[in-house]
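Each remark here refers to the structure printed beneath this line.
The values are calculated or read from the model by the stated rules, or taken from the named source; none is laboratory data. Keep in mind the model is a prediction, meaning the values are calculated, not measured. All Cβ positions, glycine included, derive from the backbone under ideal geometry; neighbour counts span all protein chains shown. Quick note on the areas: whole protein, heavy atoms, side chains included, nothing else; ligands and nucleic acids left out. Shrake-Rupley method; radii C 1.70, N 1.55, O 1.52, S 1.80 Å.
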Amino acid sequence: MLVDPDVLSSYEHDWTGRFSGRSSCVVRPADTAQVAAVVRACAAVGTPLVTQGGNTGLVGGGVPSGGEVVLSLRRLTDLGEVDRAAGQLSAGAGVTLADLQRHVRAAGVEFGVDLAARDSATVGGMAATNAGGIRVLRYGSMRAQVLGAEAVLADGSVVSRMGGLTKDGTGYDLVQLLIGSEGTLGVVTALRLKVVPLLRSSCVALLALESTQAAVDLLPVLRERLPQLAAAELFYELGVSLVRRHAGLPAPFDAHVPAYLLLECLDRSDPSEALLDLVGEAQGLLDARVATDAASVRALWAYREAHTEAINAEGVPVKLDVSVPTATLPGLVEQLPEVVAAVSPAARTVLFGHVNEGNLHVNVLDAGEEHDAVTEAVLQAVASRGGSISSEHGVGRAKPAWLHLSRSQTELAAMRAVKGALDPQGILNPGVIFA
Ligand SMILES: Cc1cc2nc3c(=O)[nH]c(=O)nc-3n(C[C@H](O)[C@H](O)[C@H](O)COP(=O)(O)OP(=O)(O)OC[C@H]3O[C@@H](n4cnc5c(N)ncnc54)[C@H](O)[C@@H]3O)c2cc1C
């Protein structure tokens, strides 16, 4: 249990620098029984808790807002052996994604979710936020990797469904209910996770395209002709200029590029021929760079993966993560800078995302005092296209006021009823998802 203010500080501030709050203390239990004891003690006196994993969340859900106990899961780092027959393993909630990747790769397999915060993000936090990342088009989001979980409920009782059954028709799926619940329904202490084949041969193409529409038009072709496709990432000149400044990288192309599309293929044998054939035929292609060796693959990925850090190095952005029906993505990309400028004329709107899922990360720098006005304008534009106000980061404390744009009153009432049934005192992550 930590109480020294200097030590508490890193648990009280989020990664973006936008959310922070005092905690009464930080508790770091070592196993499920200790987590349960902490939750029971808090429940007995009605003290609220904020559960925290790697603290890389981008919507303020894992930091206190004022006086809560921070329950850190980072010491729950047990990693079981890969069950090769079932293609599964068990992992403590505090295992980081990078440690999980090292562990499963040593056993000749891979984990299906990958994201740039891998060195700190924990599997518990990833399950709680239903994290997506760069491989969703191939393997689905975190929800699709989770076959079982162990969790401590708000009264300190423990539910454990770690058997790893891939078929189980015995009523409500409590495990899946916890995925994406952002710590509001229970504290995940362990997970039963699926593994996927380890495909060591990679080929990356960075395409310079004449428009976002060209990237969207390429999607059906990619799906039909490139089963090796593992990532399709979209970004723009403004983001690349920040990445170059922050990471000291050279310009990827000589001329101005209206839309960048990074494609990665993974396979057992070299997938470059299939990718190159397709690149050669792509409509709206201005230029392309291709990489097959590990160092050049990393170098091309850096233009995309360094976006989040480069943006934060410029200041605290308004950070929004939205998705729209894919066909409407080009229109949204075109409209958003104007929508933002209408409420905050000096702001810079940096866009990037996962094109296959119509998922756009909207980062607005220099919004001054207009954080809420920018959020409102962007989320209204998204909702008007039938989109979601949160694609993969969650609602957290950042977006409860806008949840009604994506969820009907009936859905909200059902969600509140679930919360009320599992956490009647409201001690788990108060203020997260619901205001
Ligand atoms: C550079 C960078 C890149 C990123 N890229 C992506 C990306 O591509 N895709 C994506 O989806 N996200 C991305 N993220 C966001 C973030 O990494 C994910 O949301 C991640 O899942 C958070 O994991 P964490 O362990 O850091 O959780 P935390 O930040 O500690 O917590 C996040 C939420 O989960 C809850 N929580 C944490 N652990 C538990 C638990 N054991 N039980 C119950 N609730 C818990 C917290 O209360 C909080 O509400 C990125 C972040 C950064 C900084």
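So which of E369, E338, E309 is more than 16 Å from the ligand (Cβ to nearest atom), part of a helix (DSSP H, G or I), charged (D, E, K, R) and open to solvent by 40 Å² or more (accessible area, probe 1.4 Å)?
Details: E369 fails: part of a helix (DSSP H, G or I); E309 fails: more than 16 Å from the ligand (Cβ to nearest atom).
Exactly one of E369, E338, E309 is more than 16 Å from the ligand (Cβ to nearest atom), part of a helix (DSSP H, G or I), charged (D, E, K, R) and open to solvent by 40 Å² or more (accessible area, probe 1.4 Å), namely E338.
Report, ordered by the first and then the second residue, all pairs with beta carbons closer than 7 Å, sequence separation of six or more or different chains, a first member in region 176-197 that is closer than 14 Å to G62 by Cβ and hydroxyl-bearing (S, T, Y), and a second member that is open to solvent by less than 10 Å² (accessible area, probe 1.4 Å) and within 7 Å of the ligand (Cβ to nearest atom).
Pairs found: T184/N429; T184/V432.
Could you pull out every one of the strands (runs of 3 or more DSSP E) wholly within region 214-304 that has 2 or more residues that are closer than 24 Å to G132 by Cβ and modelled with pLDDT of 95 or more? Show your work before the answer.
Working: elements: 229-235, 259-267, 285-291.
In region 214-304, the matching strands (runs of 3 or more DSSP E) lie at 229-235, 259-267.
Filter region 57-109 down to the residues that are more than 22 Å from the chain's Cα centre (by Cα) and on the phi > 0 side of the Ramachandran plot and list them by number.
G66, G67, G87, G108
Among the numbered criteria (1) in contact (Cβ under 8 Å) with a residue 24 or more places away in the chain; (2) within 24 Å of G164 (Cβ to Cβ), which single criterion is violated by A106?
(1)
Let's see how each residue does on (1) away from the ligand (no atom under 11 Å from the Cβ); (2) more than 19 Å from S323 (Cα to Cα); (3) assigned to a loop (DSSP other than H, G, I, E, B):
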residue	(1), (2), (3)
R118	no, yes, yes
G124	no, yes, no
A131	no, no, yes
I134	no, no, yes
R138	yes, no, no
A151	no, yes, no
G156	yes, yes, yes
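Which count do you get for residues in region 169-198 that are assigned to a helix (DSSP H, G or I), near the ligand (Cβ under 10 Å from one of its atoms) and either over 19 Å from the mean Cα position of the chain (by Cα) or surrounded by fewer than 19 Cβ atoms within 10 Å (Cβ to Cβ) (or both)? Explain how you work it out, then say what you get.
In the first step, residues of region 169-198 are kept if they are assigned to a helix (DSSP H, G or I); the result is 174-178.
Applying the additional criterion that residues be near the ligand (Cβ under 10 Å from one of its atoms) yields 178.
Next, only the ones that are either over 19 Å from the mean Cα position of the chain (by Cα) or surrounded by fewer than 19 Cβ atoms within 10 Å (Cβ to Cβ) (or both) stay: none.
So the answer is 0.
I'd like the full set of residues that are part of a loop (DSSP other than H, G, I, E, B), within 20 Å of the chain's Cα centre (by Cα) and among the polar types (S, T, N, Q), limited to region 381-414.
Scanning region 381-414 gives S391, S406.
Need pairs with beta-carbon distance below 9 Å; first residue in contact (Cβ under 8 Å) with a residue 60 or more places away in the chain and within region 72-99, second within 10 Å of the ligand (Cβ to nearest atom) and of a type in the set (K, R); sequence gap 6+ or separate chains.
So the pair list comes out as A93/R74.
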